[in-house]
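Shown next, in structure tokens, is the structure this report addresses.
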Amino acid sequence: MRNFSTGATRDSDAGKLDYDGFFCPAVLERRAQYMHKHRIQPDGNLRDSSNWQKGIPIVEYRRSLWRHFRDLWALAWGLEIIDEKTKESIDIETAICSCMFNLEGWLHELLKAKREQKGQSE
């Protein structure tokens, strides 16, 4: 039990997930900016922000991750990376966000399959 100087009490937070400590608001904001920028499709339409959650094959995440990791790696070596579509330089933040997107999507698909498998076995 935790007792506060005001007289309020709460149960212990031992063993509970600490989202406030595990995540950084600035990183989440930068990722959201990256995701928002990439909602615009080639035809100019805006895709739904959760579109990726509908399902993308893991092999697509893996292949994309390799391309973006290669960009990140090259940037870390001081090389300039140019986006083939936009002809603009890719900065290291964008490369990191691209890797994060693919890793998050891959994990999303793994967890989704695990939930579906668990639902089938019950």
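Computed from the coordinates by the stated procedures, all read-outs in this text should not be read as laboratory data. Quick caveat, the model's predicted, so the values are computed rather than measured. Using ideal geometry, Cβ is built from the backbone for each residue, glycine included, and neighbour counts are taken over all protein chains shown.
According to the square roots a ≥ b ≥ c of the eigenvalues of the Cα gyration tensor, what is the shape class of region 44-89, taking rounded for a/c under 1.5, prolate for a/b larger than b/c otherwise, and oblate for the remainder? Because a/c hits 1.5 or more and a/b fails to exceed b/c, region 44-89 counts as oblate.
Straight-line cross-link reach from Lys16 at under 27 Å between alpha-carbon atoms covers these lysines, not counting any fewer than eight positions away in the same chain: Lys112, Lys114, Lys118. 3J(HN,Hα) along region 101-118: 4, 5, 5, 5, x, 4, 4, 4, 5, 5, 5, 4, 5, 5, 5, 5, 5, 5 Hz, from the Karplus curve 6.51 cos²θ - 1.76 cosθ + 1.60 with θ = phi - 60°, whole Hz, x for Gly and Pro. Taking 7 Å steps out from each Cα toward its Cβ at Ser49 and Asp83 produces label points 2.0 nm apart.
For region 50-61, backbone phi angles converted through the Karplus equation (6.51, -1.76, 1.60; θ = phi - 60°) give residue-by-residue couplings of 9, 3, 4, 6, 5, x, 10, x, 4, 4, 5, 4 Hz, Gly and Pro being listed as x. Working from Cα pairs under 8 Å separated by at least six residues, relative contact order for region 2-121 is 22 percent. Close amide-amide hydrogen proximity is noted between Ile81 and Ile90, each under 5 Å apart and 5 or more residues distant or on a separate chain (H modeled in the peptide plane; Pro and chain starts excluded). Secondary-structure-derived ellipticity at 222 nm for the chain, considering helices only, amounts to -18000 deg cm²/dmol, per-run term -39500 (n - 2.57) for DSSP H runs with n ≥ 4.
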